[in-house]
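Participant: To start, I am sharing the structure in question, which I have written as structure tokens.
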Amino acid sequence: MTLTTLLPTDEVRDRFSKAMSAMYQTEVPQYGTLLELVESVNQETLRQQPELRRRLEAQGELARLSVERHGAIRVGTAAELSMLRRLFAVMGMYPVGYYDLSEAGVPVHSTAFRPIDDEALACNPFRVFTSLLRLELIESETLRQRSEEILAKRDIFTSGARELIEQHETQGGLNSQEADQFVKEALETFRWHQGATVDLDTYHALHEEHRLIADVVCFRGPHINHLTPRTLDIDEAQRRMPEMGMDPKAVIEGPPLRECPILLRQTSFKALEESIRFAGDAEGTHTARFGEIEQRGVALTPKGRALYDQLLNEGRKQTAGLDNEAHQAVMDKVFAALPDNDEAMRREELAYFHYHLTEKGQAAKGVHRDKASADVDALIAQGLVEAQPITYEDFLPVSAAGIFQSNLGGGQNEAYAGNANRDAFEEALGAQVTDELSLYAERERVSKLRVLASLAG
Ligand code: OOG
Ligand code: NI
């Protein structure tokens, strides 16, 4: 009998995300340029900000920085979404969060497949923002039916991928060779296809309803539409995009520049217009794929998030039509209401923190048996404990909508709004999505308990 050693799912994800990045570089050469830009901005930032370097290192994030990416895909049916859930599970990626984009006039709802525990996140936090098209929101009965028929005919997974997913489920993992084969097969689902499955007239009819519907329905698979590296200075990266031949969207989405970054700031370069061969041999074009970069900060608690949402709304009322500089200046004023200081955010329970022992705390292990030591604030004041911001690993629906829109030529339809339906999404997915905030709260809670336990000895 041969014993097979099963590969950790973290390793499968790491191989897949690297293979995906290599594939996307050949598909969209500008993505390679974007990676170079982010890499040089990151190296410069780390040189200029030794404190940031120290902190990222202590958080175990320096090592993951060069592989850190998120991608995005859009699928058309419940069967496709639930099979994707099983495919991502092979890589230790699980559905986290529910995002209703109908609110922003885009007929999809979404989740993010991503690793969940500290160790997996530290290894490679690869995430895929995955949207399900909501055909039920299309008004025209004929178009809806036509879309359903077209989608019913395609299979976005190779038979090899299906077999390996089942094998993972029955044997509890894949060995190294199977994992390599899985990566190869799974990549086929995310590949770009230059040929459309429909004729030009059908494409136009769907495009007329919403560009995104055409993007999901007319192709053989849910081509990856962007891969986003993490930058440590998004303002600098945005400034340098034009000199590297990229056309950035007008404004950086999310909060303004801060000493202590929160959540997520994002910007993108415009989608490429790509030539497509339609059924019946007609030539045409389609715009779907773009480039994006992001800067990540601390995860906010429900209280912090409510304040963020309120400030963002206030800011958005004043920023319509402004250029990036003016937009950021307004946001900066509005966001003064959210303390730009880790300690203040921690005390006011606006953000999540990971507690760990300082060197002094390590030396004091077991000697703090008195009651007062259960008070983390006191331990911090005594220099025994340090609180580190927990990085936000998720997405922001308003930013996502801004990204969607900058690439859909402003296409949005207010008639879609007010249609959140998490139950229907979970039914299509075949599982519940995990609440992202509960994950951060749990990581904070466990770190606090650990620190107290080790000091108590
Ligand atoms: C996804 C847009 C959302 C983000 O970073 O917020 C997204 C899409 O265009 O399919 O990727
Ligand atoms: Ni994105």
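The values are calculated or read from the model by the stated rules, or taken from the named source; none is laboratory data. All values derive from a computational prediction rather than experimental measurement. Here the Cβ is made from the backbone with ideal geometry for all residues, glycine too, and neighbour counts use every protein chain on show.
Participant: List the helices (runs of 4 or more DSSP H) that sit entirely inside region 351-430 and contain at least 1 residues that are at pLDDT 75 or above, surrounded by 16 or more Cβ atoms within 10 Å (Cβ to Cβ) and within 16 Å of ligand 1 (Cβ to nearest atom).
Facilitator: So the answer is 397-407, 422-429.
Participant: If K270 passes every condition in (1) within 16 Å of ligand 1 (Cβ to nearest atom); (2) at positive phi but one, which one does it miss?
Facilitator: Unmet for K270, out of (1) within 16 Å of ligand 1 (Cβ to nearest atom); (2) at positive phi: (2).
Participant: Looking for whichever is farther than 30 Å from L52 by Cβ, within 16 Å of ligand 1 (Cβ to nearest atom) and at pLDDT 95 or above here; the options are I150, I234, I213, I156. Which one fits?
Facilitator: Just one listed residue meets the conditions, I156.
Participant: Go through L263, L300, L322 for me and flag whichever is within 16 Å of ligand 1 (Cβ to nearest atom) and touching a residue at least 40 places away in the same chain (Cβ under 8 Å).
Facilitator: Of L263, L300, L322, the one residue that is within 16 Å of ligand 1 (Cβ to nearest atom) and touching a residue at least 40 places away in the same chain (Cβ under 8 Å) is L263.
Participant: Follow-up. When you scan region 109-117, do you find a residue that is at pLDDT 95 or above, within 16 Å of ligand 2 (Cβ to nearest atom) and either part of a helix (DSSP H, G or I) or within 25 Å of E274 (Cβ to Cβ) (or both), even just one?
Facilitator: Yes, region 109-117 contains a residue that is at pLDDT 95 or above, within 16 Å of ligand 2 (Cβ to nearest atom) and either part of a helix (DSSP H, G or I) or within 25 Å of E274 (Cβ to Cβ) (or both).
Participant: Restricting to region 242-257, name every residue that is on the phi < 0 side of the Ramachandran plot, touching a helix residue (DSSP H, G or I) at 6+ places or on another chain (Cβ under 7 Å) and not acidic (D, E).
Facilitator: Answer for region 242-257, where residues must be on the phi < 0 side of the Ramachandran plot, touching a helix residue (DSSP H, G or I) at 6+ places or on another chain (Cβ under 7 Å) and not acidic (D, E): M244, M246, P248, K249, A250, V251, I252, P255, P256, L257.
Participant: Another question about this same structure. Would you mind stating whether A237 is in a helix (DSSP H, G or I), within 16 Å of ligand 2 (Cβ to nearest atom) and on the phi < 0 side of the Ramachandran plot?
Facilitator: When the stated conditions are applied, A237 passes them.
Participant: Same structure, new question: Looking at (1) assigned to a loop (DSSP other than H, G, I, E, B); (2) exposed (fewer than 15 other Cβ atoms within 10 Å of the Cβ), can you tell me which one P125 breaks?
Facilitator: (2)
Participant: Among the residues of region 196-220, which ones are in contact with a helix residue (DSSP H, G or I) (Cβ under 7 Å, 6 or more places away or on another chain) and farther than 19 Å from D281 by Cα?
Facilitator: Those that are in contact with a helix residue (DSSP H, G or I) (Cβ under 7 Å, 6 or more places away or on another chain) and farther than 19 Å from D281 by Cα: E209, I213.
Participant: Going residue by residue through region 292-306, is there one that turns out to be farther than 30 Å from E444 by Cα, among the polar types (S, T, N, Q) and either at pLDDT 95 or above or not assigned by TED's automatic domain parsing to the domain that holds L206 (or both)?
Facilitator: Looking through region 292-306, none of the residues is farther than 30 Å from E444 by Cα, among the polar types (S, T, N, Q) and either at pLDDT 95 or above or not assigned by TED's automatic domain parsing to the domain that holds L206 (or both).
Participant: So the check is Cβ under 7 Å with 6+ separation or different chains; which pairs have a first residue in region 67-80 that's touching a residue at least 40 places away in the same chain (Cβ under 8 Å) and a second one that's small (G, A, S)?
Facilitator: Pairs that qualify, where the first residue is touching a residue at least 40 places away in the same chain (Cβ under 8 Å) and the partner is small (G, A, S), are V67/S17; R69/S17; R69/S21; R74/S131; A78/A428.
Participant: Can you confirm whether region 24-45 contains a residue that is more than 16 Å from ligand 1 (Cβ to nearest atom) and part of a loop (DSSP other than H, G, I, E, B)?
Facilitator: no
Participant: Moving to a separate point now. For region 70-98: of the residues being touching an Asp or Glu at 6+ places or on another chain (Cβ under 9 Å) and within 16 Å of ligand 2 (Cβ to nearest atom), which is farthest from A401 (Cα to Cα)?
Facilitator: Here the answer is V96.
Participant: Could you look through region 326-346, keep only residues that are of a type in the set (A, V, I, L, M) and more than 17 Å from P389 (Cβ to Cβ), and pick out the one that is nearest to the chain's Cα centre (by Cα)?
Facilitator: This residue is M331.
Participant: Hey, another quick one. If a residue must be out of contact with any Lys or Arg (no Cβ under 7 Å at 6 or more places or on another chain) and of a type in the set (F, W, Y), how many such residues does region 270-293 contain?
Facilitator: Residues that pass the stated criteria total 1.
Participant: Follow-up question, since we're still on this one. Being touching a Phe, Trp or Tyr at 6+ places or on another chain (Cβ under 6 Å) and within 29 Å of K249 (Cβ to Cβ) narrows it down to one residue among A320, A299; which is it?
Facilitator: It is A299.
Participant: With the checklist (1) part of a helix (DSSP H, G or I); (2) out of contact with any helix residue (DSSP H, G or I) (no Cβ under 9 Å at 6 or more places or on another chain); (3) buried (at least 17 other Cβ atoms within 10 Å of the Cβ) in hand, flag the one item S21 doesn't pass.
Facilitator: Tallying (1) part of a helix (DSSP H, G or I); (2) out of contact with any helix residue (DSSP H, G or I) (no Cβ under 9 Å at 6 or more places or on another chain); (3) buried (at least 17 other Cβ atoms within 10 Å of the Cβ), S21 fails exactly one: (2).
Participant: Got a sec? Which of R146, R230, R220 is of a type in the set (K, R) and buried (at least 22 other Cβ atoms within 10 Å of the Cβ)?
Facilitator: When all the criteria are applied, what remains is R230.
Participant: Another question about this same structure. I'd like the residue in region 189-230 that is in contact with a Phe, Trp or Tyr (Cβ under 7 Å, 6 or more places away or on another chain) and assigned to a helix (DSSP H, G or I) and, out of all such residues, is nearest to P125 (Cα to Cα).
Facilitator: T189
Participant: Given the residues E57, E119, which is the only one that is surrounded by fewer than 22 Cβ atoms within 10 Å (Cβ to Cβ), out of contact with any strand residue (DSSP E or B) (no Cβ under 7 Å at 6 or more places or on another chain) and without any contact (Cβ under 8 Å) to a residue 60 or more places away in the chain?
Facilitator: It is E57.
Participant: Something else: Just the residues that are surrounded by fewer than 20 Cβ atoms within 10 Å (Cβ to Cβ) and of a type outside the set (V, I, T), please, taken from region 158-172.
Facilitator: S159, G160, R162, E163, E166, Q167, E169, Q171, G172
Participant: Looking only at region 60-86, filter to residues that are in contact with a His (Cβ under 9 Å, 6 or more places away or on another chain) and not basic (K, R); which one of those is surrounded by the most Cβ atoms within 10 Å (Cβ to Cβ)?
Facilitator: Only one residue tops the list, namely H70.
Participant: So which strands (runs of 3 or more DSSP E) are wholly in region 271-341 and hold at least 3 residues that are within 16 Å of ligand 2 (Cβ to nearest atom)?
Facilitator: 291-296
Participant: Residues of region 250-297 being of a type in the set (K, R) and in contact with a Gly (Cβ under 8 Å, 6 or more places away or on another chain), which ones?
Facilitator: The answer is R258, R265, R277.
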